[in-house]
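Notes follow once the structure below has been shown.
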């Protein structure tokens, strides 16, 4: 596992949403043997019932850019 975290529910949304866990790892057991980044998102307490996005390098970069753009929109430093 590369990284993981728990995301709390923002104030005022507790009745509509549940906290989530996310994890990032590398997976290489595909038929084409190409390693990919797996992004797993699950509701806290519901392990195994979330979803996994299998991202090739281009899609992982696109997600990184989108997150950086979101941070800039918030007035935050997008980091490296």
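What follows draws every value from the coordinates through simple rules; no lab data is involved. Remember, it's a predicted structure, so these values are computed and weren't measured experimentally. Neighbour counts run over all protein chains shown; Cβ positions are idealised from the backbone, glycine included.
Numbers below:
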| quantity | calculated |
| --- | --- |
| Rounded if a/c under 1.5, otherwise prolate or oblate - the chain, Cα gyration tensor axes | oblate |
| Inter-site label distance for residue 6 and residue 72 at 7 Å from Cα along Cβ, in nm | 3.4 nm |
| Candidates 41, 24, 65: whichever shows maximal mean-square fluctuation once the chain is modelled as a Gaussian network with Cα springs under 10 Å | 65 |
